[in-house]
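Reading through the structure tokens given below for one structure.
Read the figures in this text as sums done on the coordinates, not as results from a lab. This one's a predicted model, so the numbers in the text were calculated from it and none came from an experiment. Positions of Cβ are backbone-derived with ideal geometry, glycine not excepted, and every protein chain shown enters the neighbour counts.
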Amino acid sequence: MTPIFLDNIRLIDPQADSVTETTVVLNAGVIAAIGAASAPKGATVIDGRGACLAPGIVDLGVKIGEPGERHTESFRSAGLAAAAGGVTTIIARPDTHPAIDTPEVLEFVTRRAAEASPVRIRHMAALTKGREGREMTEIGFLLDAGAIAFTDAPAVVTDTKVLSRALTYARSLGALVIGHPQEPGLSKGAAATSGKFASLRGIPAAHPMAERIGLDRDIGLIEMTGARYHADQITTARSLPALDRAKTNGFDVTAGVSIHHLTLNELDVGDYRTFFKLTPPLRSEEDRLAMVEAVATGLIDVIGSFHTPADEESKRLPFEDAASGAVGLETLLPAALRLFHAGHLTLPQLFRALALNPARRLGLPQGTIAEGAPADLVLFTPDTPFVLDRFTLKSKSKNTPFDGARMEGKVLATFVGGRQVFAAE
């Protein structure tokens with residue numbers, strides 16, 4: 001592998017909380033040197049021209065259509081979209097058809113991903129068989145087959161006894177369980193957050209307390225079992241005190257939030273625009289600002305795209321009936337940079353939540369800037385403006401709420417294991 005010398009770059013180090021003008025050498029799949037005065041002999045030299053170099057994004061909670069829904073997203077198209085968006089590691093969800101609930105299915109998707117994707121893809125496995133919440137999967141065998149975590153998301157295990165048994169077993173193996181905090185009865189059929197806006201639009205809605213009740217239940221079971229737990233999406237201010245108490249009490253609990261809930265609110269639905277129908281639904285502006293502050297303080301650990309592809313037919317329906325979810329692999333970074341440009345987060349804080357924290361939580365070596373660390377990196381300019389055209393996205397599905405939006409931030413190059421997998425045109 002030819003060494004790469006990155007000159008004239010601003011290095012974003014989320015661990016040191018610093019931005020430094022320096023040089024970086026990539027060789028043999030790792031960061032070989034930081035601050036070298038000159039390029040190694042035979043190296044490919046890339047002049048960054050003052051662009052930012054940061055750890056590649058570790059996107060926790062991506063849905064890929066394989067197997068069963070390859071028409072919405074394949075490993076190949078997801079990998080290309082990720083590379084174009086600065087995502088170097090995809091953590092894929094098990095809500096596929098069939099669900100990833102046996103070692104055989106897990107081994108199949110792992111092999112397919114390795115063959116087709118230019119970026120790293122690791123898979124979560126289902127917590128219960130068929131994601132039906134009745135019987136837990138063979139967690140030990142799935143761990144041996146390479147499962148990185150266990151979740152039924154976005155489904156909720158309603159049988160508390162089944163969930164407690166699964167958590168106890170996961171605790172004995174050191175496995176990470178990822179929950180989707182919702183009270184399923186209150187949130188069933190909801191397409192919006194209850195309030196004046198939903199009432200005026202006549203959209204079926206759920207109260208924000210549905211999330212808080214679901215989180216309280218899960219935290220109670222974590223206290224009982226001692227399991228490692230990550231809440232995939234915290235989206236309401238009412239949930240934050242419970243999360244804070246759990247962390248203060250020393251429970252092994254972390255939490256994430258989607259980029260859409262950090263940058264959009266319930267009013268963006270406007271006149272029933274189905275690209276803005278998400279799970280959980282978009283929240284109030286007060287909730288959005290509370291989530292941004294929670295990321296800034298570290299109470300919420302992870303920002304993810306929660307990439308959920310959907311075909312045109314499933315979105316061209318009345319708002320209540322349309323599929324939930326949005327694609328986000330390519331828009332995650334420019335959308336996140338809105339928080340930087342608004343003064344809410346620094347670049348090191350942003351990449352702490354996008355790369356360092358998810359990698360640490362999953363026990364991966366990525367997400368850090370240090371000599372000897374994996375050379376999974378993104379080179380980008382934070383200020384380059386553009387108008388997003390959804391038809392230019394590399395994802396098979398084009399269901400993005402940012403279509404036509406003015407955004408800032410352009411990925412110039414993406415590196416995985418020291419190999420350049422994307423270069424801007």
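A few comments on the model shown:
- Order of 212, 406 - criterion: other Cβ atoms within 10 Å of each residue's Cβ, fewest first: 406, 212
- For residue 300, residues with placed amide H under 5 Å, excluding near neighbours: 295
- Table column - 3J(HN,Hα) (Hz), the stretch 298-315, Karplus curve with 6.51, -1.76, 1.60, x for Gly and Pro: x, 5, 9, 8, 10, 10, x, 7, 6, 3, 9, x, 8, 6, 4, 5, 7, 9
- Phi angles across the stretch 157-169 convert, under the Karplus curve 6.51 cos²θ - 1.76 cosθ + 1.60 with θ = phi - 60°, into 3J(HN,Hα) values of 6, 7, 7, 5, 5, 4, 5, 5, 5, 5, 5, 4, 5 Hz, Gly and Pro given as x.
- Degrees separating the helix 285-297 axis from the principal Cα axis of the chain, which is the longest one: 50
- Long-range HN-HN contacts of residue 135 with modeled amide H, under 5 Å: 129
- Label-point gap, in nm, between residue 313 and residue 273 - each point 7 angstrom along Cα→Cβ: 2.6
- Non-local lysine pairs in the chain, meaning eight or more places apart or on different chains, with alpha-carbon distances under 17 Å, amount to 12.
- Reduced Cα scattering model of the chain, Debye log10 I(q)/I(0), q = 0.10, 0.13, 0.14 Å⁻¹: -0.65, -1.12, -1.31
- Full-extension gain in nm, residue 196 to residue 383, via 0.36 nm per residue minus C-alpha separation: 63.7 nm
- Taking other C-beta atoms within 10 angstrom as a stand-in for reagent exposure, 396, 188, 277, 247 fall in the order 188, 247, 396, 277, fewest first.
- Note, ³J(HN,Hα) from phi for the stretch 189-200, Karplus 6.51, -1.76, 1.60, rounded to Hz, x at Gly and Pro: x, 6, 10, 7, 8, 4, x, 4, 4, 4, 5, 5
- Taking the chain and dividing mean pair separation by its residue count, relative contact order in percent (alpha carbons under 8 Å, at least six apart): 21
- Order of 124, 209 - criterion: other Cβ atoms within 10 Å of each residue's Cβ, fewest first: 209, 124
- Tilt relative to the chain, helix 209-225 - C-alpha long axis, 0 to 90 degrees, to 10: 80
- With Cα atoms, 0 to 90° folded angle of helix 103-116 axis to the chain main axis: 40
- What the Cβ-Cβ distance of residue 371 and residue 129 gives, at R0 = 45 Å and to the nearest 0.05, is a FRET efficiency of 0.50.
- More than 20 Å apart - percent of Cα-Cα pairs taken over the stretch 333-425: 47
- Charge tally in the Cβ shell below 14 Å around residue 375, where Lys, Arg are +1 and Asp, Glu are -1, residue 375 excluded: 0
- Sequence-distant residues sharing a close amide H with residue 123 (under 5 Å, placed H): 92, 148
- Fraction of antiparallel bridges per DSSP, the stretch 56-362 only, in percent to nearest 5: 5
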